[in-house]
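K.L.:
Before I ask anything, here is the structure I am working with.
The values are calculated or read from the model by the stated rules, or taken from the named source; none is laboratory data. Keep in mind the model is a prediction, meaning the values are calculated, not measured. A quick note on method: Cβ atoms are made from the backbone with ideal geometry, for glycine too, and the neighbour counts reach across all protein chains shown. Ligands, DNA and RNA are stripped out before the accessible areas are found, and what is left, the full protein with its side chains, is counted by its heavy atoms. Shrake-Rupley method; radii C 1.70, N 1.55, O 1.52, S 1.80 Å.
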Amino acid sequence: MIWTIPNTLTVLRLIAAPGVAIMFLYFHRPWADWFALALFVSAAATDWFDGYLARLWKQESKFGAMMDPIADKAMVVIAIMILTGYNGMNPWLILPATLILFREVFVGGLREYLGDKSGLLKVTKLAKWKTTAQMIAIAVLFLGTGLDYQNALALEGMTPEQHMAAVAAGEAEAIRTCGNRDCASYANLVGIWLLWLAALLTVVTGWEYFSKSLPFLREDK
């Protein structure tokens, strides 16, 4: 492998995938949430830059073509695992997450089965939009998870009414609000809707890949 800048960015993105989980091992929350969010967003940005620079500088390689989707999938799978755990196993989050994870395993199995014919399952523009939607949804959910934890710290076992009284007495910090809902609620709601959109795109692209592979899955007569 030639260590071009695009290839280096791809490898760094792959390393960042488990790094998001490691943030929660070495830092206390909510700092872990903010560091994980910053690392995830920074790594996701390289997904655009490595491809753009590779095409601009004519440095496209087989290594990059192989590692780029692997790095993306590693980031998404690990981040979803963390989010479902820290969001109390919310079924509205688990359902789209399950669809996304199932599709990735299914398409990976198709590519392995097709072997040298796996080139038929090239990444499409819709698949790239799918990845973008996943990345944005996960980033917003990380934001909501961190804000939720901050809200819990502010409440410290009190009911919302008791907390309001404590804030008025100067005995507790106020929770930052966004209109009639708190910021955490907005972030989580938007993140879940975006994840459902990403799951829909994920299912559509999975079906496209399955359709392309059907001729090679039929039994020979």
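K.L.:
Using the heavy atoms of the protein chains alone and a 1.4 angstrom probe, what is the accessible area of the chain per residue in square angstrom? Please report the intermediate quantities before stating the final value.
P.N.:
Values: 13300 Å² over 221 residues.
Per residue, the chain has an accessible area of 60 Å².
K.L.:
To continue, here is another question. Please compute the volume of the convex hull spanned by the alpha-carbon atoms of the chain and report it per residue in Å³. Let's see the in-between values first.
P.N.:
Numbers: hull volume 32.3 nm³, N = 221.
In the chain, the Cα convex hull volume per residue is 146 Å³.
K.L.:
Per the helix-only calculation at 222 nm, which mean residue ellipticity applies to the chain, given -39500 (n - 2.57) for every DSSP H run of n ≥ 4 and division by its residues, nearest 500 deg cm²/dmol?
P.N.:
Details: 7 runs with 168 residues, N = 221.
About -27000 deg cm²/dmol.
K.L.:
I need the trypsin sites (Lys or Arg not before Pro) found in the stretch 1-84, filtered to DSSP loop residues with at most 14 other beta carbons within 10 Å of theirs.
P.N.:
Answer by residue number: 58.
K.L.:
Suppose each label sits 7 Å from its Cα in the direction of the beta carbon; what would the residue 212-residue 56 distance come out to in nanometres?
P.N.:
2.7
K.L.:
For the stretch 27-96, count the residues as N, evaluate 2.2 N^0.38 Å, and divide the Cα radius of gyration by that value, please. Each step should come with its number before you reach the end.
P.N.:
Working: Rg = 15.5 Å, N = 70, 2.2 N^0.38 = 11.1 Å.
Output field value: 1.40.
K.L.:
Binning every alpha carbon pair distance of the stretch 43-149 at 5 Å from zero, what are the percents per bin?
P.N.:
Per 5 Å bin, starting at 0, the Cα pair percentages come out as 2, 10, 19, 22, 18, 14, 9, 5, 2, 0.
K.L.:
Please get the size of the charge dipole for the chain, origin at its Cα centre, with Cβ charges of +1 on Lys and Arg and -1 on Asp and Glu, quoted in debye to the nearest 20.
P.N.:
Numbers: 18 positive and 18 negative charges, 213 e Å.
In debye, rounded to 20, the chain gives about 1020.
K.L.:
Say the cut-off is 18 Å between C-alpha atoms; which of 58/128; 73/130; 58/125 go over it? Before the final figure, lay out the partial values.
P.N.:
Working: 58/128 20 Å; 73/130 11 Å; 58/125 20 Å.
Too far apart for the 18 Å limit: 58/128; 58/125.
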